[in-house]
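Down below is the structure, laid out as structure tokens.
The values are calculated or read from the model by the stated rules, or taken from the named source; none is laboratory data. Owing to the predicted nature of the structure, the values given are computational and were not obtained by experimental measurement. Cβ sites come from the backbone with ideal geometry, for glycine too, and all protein chains shown count toward neighbours.
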Amino acid sequence: MGYVEIIIKGIIIGLMASMPLGPIGVMCVQRTLNNKFLSGFVSGCGAATADLLFATIALFFFSIIDPYLSKNIELFKFIGGAIIAVVGVSILLKKIKNLRQNRNSKRGLLKDYFSIFGLTVTNPAYILVFLGLFSYLKVGEMQFTLFTHILMLTGVLIGALSWWFFLTSMVNLLRKRFTAKHIFYINKTAGVVILSLGLIAMISSVVDYFI
């Protein structure tokens with residue numbers, strides 16, 4: 001696996017992990033609507049940093065089990081697909097509450113950042129999402145070195161930050177028209193895509209095992 005491919009896969013993982021808009025995403029949108037673009041984006045940076053931490057742990061785990069990956073690649077691919085499929089279903093079932101709350105809330109950017117970072121890291125189960133994404137994109141095929149780890153994690157961070165910049169920019173640009181329905185459609189689209197990818201990975205692993 002080449003260096004450019006590693007970065008690209010990291011970016012894809014960062015995007016896929018960030019796109020589902022759960023409570024953290026809704027809070028970032030709220031802050032964009034109720035305060036300013038920078039408030040929402042900096043909050044998203046807090047979530048991206050926490051995701052980077054989860055991705056680091058997941059990648060470290062992958063490097064440990066590397067000797068077992070080649071022997072059980074179909075199993076890991078199936079498990080990864082199942083995790084992704086479950087995430088897709090959970091996204092489809094999410095309900096979005098009112099976005100425009102605490103309109104006059106005043107806080108510093110550091111508080112915006114650390115409050116979202118703190119909330120995100122309290123859900124370490126999200127490490128499983130990264131394990132699933134790493135399995136699906138066959139990260140186990142890359143050579144595990146410090147440099148490739150840095151490249152992969154850099155890609156993850158770029159992907160996550162790119163999503164939060166895009167989302168908060170669009171929310172800020174369309175602030176007068178942006179409603180909970182927009183998040184509803186974003187979640188439904190992301191949920192369908194992620195669920196489909198998970199199911200494809202599971203079916204592919206079963207086919208590869210018997211062929």
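Residue-wise test of (1) in contact with a helix residue (DSSP H, G or I) (Cβ under 7 Å, 6 or more places away or on another chain); (2) free of Cβ contacts under 8 Å to residues at least 60 places away in the same chain; (3) exposed (fewer than 12 other Cβ atoms within 10 Å of the Cβ); (4) closer than 14 Å to residue 76 by Cα.
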{"site": "172", "(1), (2), (3), (4)": "yes, no, no, no"}
{"site": "179", "(1), (2), (3), (4)": "no, no, no, no"}
{"site": "183", "(1), (2), (3), (4)": "yes, no, no, no"}
{"site": "195", "(1), (2), (3), (4)": "yes, no, no, no"}
{"site": "210", "(1), (2), (3), (4)": "no, yes, yes, no"}
Margin query: If I go through segment 131-156 residue by residue, how many of them are buried (at least 16 other Cβ atoms within 10 Å of the Cβ) and modelled with pLDDT of 90 or more?
Written below: 8
Checklist line | Matching entry among 116, 91 (being of a type in the set (A, V, I, L, M, F, W, C), buried (at least 21 other Cβ atoms within 10 Å of the Cβ) and modelled with pLDDT under 80) | finding: 91
Notebook entry, point to check: Pick from segment 3-50 the residues that are at pLDDT below 85 and assigned to a helix (DSSP H, G or I): which of them is farthest from residue 183 (Cα to Cα)?
Noted result: 34
